[in-house]
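This report concerns only the one structure given below.
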Amino acid sequence: MKTTYDIVVIGGGPAGLAAACAAYDQGIQDVLILERDKELGGILNQCIHNGFGLHTFQEELTGPEYAKRYEVEAEKRKISCLLETMVLDISPEKEITALNRKDGLFTIQAKAVILAMGCRERPRGALNIPGYRPAGIYSAGTAQRLVNIEGYLPGREVVILGSGDIGLIMARRMTLEGAKVKVVAELMPYSGGLKRNIVQCLDDFGIPLKLSHTVVDIKGKERVESVTLAQVDENRKPIPGTEEEYACDTLLLSVGLIPENELSDKLGVQLHPVTGGPVVNESLETSIPGIFACGNVLHVHDLVDFVSQEATMAGTCAAAYVNAGRTEETEEIPVKCGSGVRYTVPAKIRPACMDETLPVRFRVGQVYQRASIMVRSGDTVLLRKKRPIMAPGEMETVYIKKDSLSPDNIGNDITISIEEE
Amino acid sequence: MEEKKLTCICCPMGCQLQVTIRDGQVEKVEGNTCKRGAEYGKKEVTNPTRIVTTTVRVHGGSLPVVPVKTASDIPKSAVMDCIRQLKEVVVEAPVYIGDVVLTEVAGTKIAVIITKNIEKLCEKQNL
């Protein structure tokens with residue numbers, strides 16, 4: 001088997017596919033995708049609902065259809081893929097150790113690596129929910145896979161904790177499959193899911209959403225028999241006396257996604273304490289030159305369209321790195337989080353290396369109405385953008401222009417903050 | 001006169017719409033920040049529609065179920081009928097994106113189509 005490639009992409013989901021295609025289009029045709037599942041497309045394969053691709057294709061596709069479009073693009077370019085292949089290690093010298101049933105354990109040498117491993121659901125163990133450990137407790141994504149790919153219904157009477165998009169989507173999906181979804185509980189005073197999902201997945205079916213509520217007990221020894229919810233105070237602590245018990249056989253957890261960075265961590269790339277993903281510069285390059293990251297492994301996205309855009313950029317920049325053979329050493333400005341901003345991607349910018357406009361994506365820490373996004377450097381306001389509403393569940397983007405970063409304009413850093421009127 | 005409050009779903013902004021209905025007609029939509037919001041508000045109170053996505057059983061395929069969708073949006077009131085009708089459907093592998101499962105679903109003129117390719121399960125895969 002071939003053991004050297006210009007670019008190796010770790011993960012064949014939407015990020016990996018778009019990154020590989022973009023690298024190819026920039027003239028780096030020697031690209032390999034390593035994917036652990038039996039098929040390309042990643043989690044899109046189990047997201048059978050519509051609403052994907054409005055930005056990319058100006059039409060509403062389902063997850064599998066969106067994935068197929070990019071698979072076809074990869075096929076057209078004859079990009080090599082190894083399926084059912086698990087990557088075990090990536091070295092800073094870009095030697096990748098992987099294994100599969102056909103080739104056994106093997107190593108591949110790459111000139112550049114694109115990390116596109118996606119994310120994982122936060123499990124029950126991370127929540128400290130008291131109670132027994134019976135059957136019938138699933139992460140929402142596991143239930144989604146069971147229903148949509150494997151054809152099983154994991155329960156008939158369901159309580160959902162967490163109003164992230166997967167939880168909302170599964171509330172509708174379980175209802176359509178004949179289950180009774182009794183309630184969706186959300187710890188925060190607002191939902192982390194898209195408005196459209198609250199309307200079409202809960203309101204349409206009369207499923208109540210209880211904000212500022214959490215699970216305080218799970219009963220049942222062999223199988224879940226009931227789940228007890230309680231209201232929480234402003235410190236997210238349960239308020240005694242507000243407990244309500246719901247008889248059910250299933251509890252679905254949709255309580256957050258965590259970028260899957262075991263490989264990146266072992267490789268030694270610097271990870272961001274807020275996103276859990278690598279710290280990257282304007283080229284989506286990690287702290288190790290020639291190692292790039294995009295998609296949910298970098299930071300968790302709401303819309304796959306933005307994953308594809310980001311991955312296209314990572315692929316383009318990885319190709320430029322391979323063509324140049326090195327990373328340009330030039331002035332680097334940190335992008336700092338001002339008030340209201342939890343993180344930014346990228347977290348640093350080399351003005352000399354950026355395109356004419358650079359998308360900077362970030363999330364806010366609370367719901368803001370009629371507030372402005374301010375981008376400042378020193379005393380200079382580089383950008384001011386009014387937003388009628390911003391919420392933690394919806395990623396924000398500002399586009400920074402290269403010509404606004406002229407040397408007399410910028411100080412030691414760029415700060416993005418939210419200012420209320 | 002009747003007023004209905006809705007959350008606009010046309011984009012991630014989620015504008016809070018207030019739709020005023022007089023004599024069964026939409027008089028005005030307020031709270032929207034773009035044209036799409038006004039159209040959504042009007043449609044959602046007079047003729048709400050949804051695209052339905054679900055799965056149907058596959059016989060002889062590499063997976064036991066295949067995802068499907070309505071080719072366009074159907075009346076919201078027909079959603080559960082659509083689901084019930086699709087529960088009875090079994091398709092024979094292979095099936096490909098765009099293949100028609102039902103030509104007219106739940107009393108509408110709208111088709112239900114396959115959204116994922118499922119290949120035939122070959123003997124080799126059984127081993």
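Each value in this text was obtained by applying a stated rule to the coordinates, not by laboratory testing. Being a predicted model, the structure only gives us computed values, none of them experimental. Because the Cβ atoms are built from the backbone with ideal geometry, glycine has one as well, and the counts that use them run over all protein chains shown.
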Distance check, please: which entries in B:K43/B:K116; B:K69/B:K120; B:K42/B:K116; A:K195/B:K43; A:K78/B:K120 exceed 28 angstrom between their Cα atoms? B:K43/B:K116; B:K42/B:K116
Which value, in nm² and rounded to one decimal, describes the direction-averaged projected area of the C-alpha convex hull of the range A:330-421? 5.3 nm²
Gaussian network model of chain A, Cα springs within a sub-10 Å range: biggest mean-square fluctuation belongs to which of A:D217, A:D379, A:D25? A:D379
Average beta-carbon neighbours from other chains, 10 Å sphere, peptide B:59-71: 4
Using mean Cβ contacts within 10 Å as the protection proxy, how do A:66-73, A:88-95, A:327-334 order, highest first? A:66-73, A:88-95, A:327-334
Per-residue Cβ neighbour rank within 10 angstrom, fewest leading, A:L211, A:L405, A:L40: A:L211, A:L405, A:L40
For the range A:337-421, the charge dipole (Cβ of Lys, Arg +1; Cβ of Asp, Glu -1; about the Cα centre) points to a positive end, and the Cα of A:A347, A:V367, A:I416 closest to that extreme belongs to A:V367
What relative contact order, as a whole-number percentage, does the range A:330-421 give when Cα pairs under 8 Å and 6 or more residues apart are counted? 37 percent
List the residues whose amide H sits under 5 Å from the amide H of A:A135, counting only those 5 or more places along or on another chain, with H placed 1.01 Å from N in the peptide plane. A:R223, A:V224
Starting with the highest mean, order A:28-39, A:391-402 by the number of other Cβ atoms within 10 Å, averaged over the residues of each peptide. A:28-39, A:391-402
Ranked A:M86, A:M170, A:M374, criterion: other C-beta atoms within 10 Å, fewest first: A:M86, A:M374, A:M170
Can you pull the Rg over Rh of the protein assembly as shown, Cα-only, Kirkwood? 0.97
Straight-line reach only, C-alpha to C-alpha below 15 angstrom: list the aspartates and glutamates that B:K109 could link to, leaving out same-chain residues fewer than 8 apart. B:D73, B:D81
For peptide A:61-71, what's the mean number of Cβ atoms from other chains within 10 Å of each residue's Cβ? 4
Cβ-based exposure ranking for B:R84, A:R145, in which fewest neighbours within 10 Å come first: B:R84, A:R145
Please identify every one of the GluC sites (Glu not before Pro) in the range A:192-262 that sits in a loop by DSSP and has no more than 12 other beta carbons within 10 Å of its own beta carbon. A:E222, A:E234
Set of aspartates and glutamates near A:K2 by C-alpha distance (under 19 Å), chain-local residues within fewer than 8 positions excluded: A:D30, A:E35, A:E75, A:E84, A:D89, A:E93, A:E95, A:D103
Under 24 Å Cα-Cα from A:K266, which lysines qualify once same-chain neighbours fewer than 8 residues away are excluded? A:K94, A:K111, A:K348
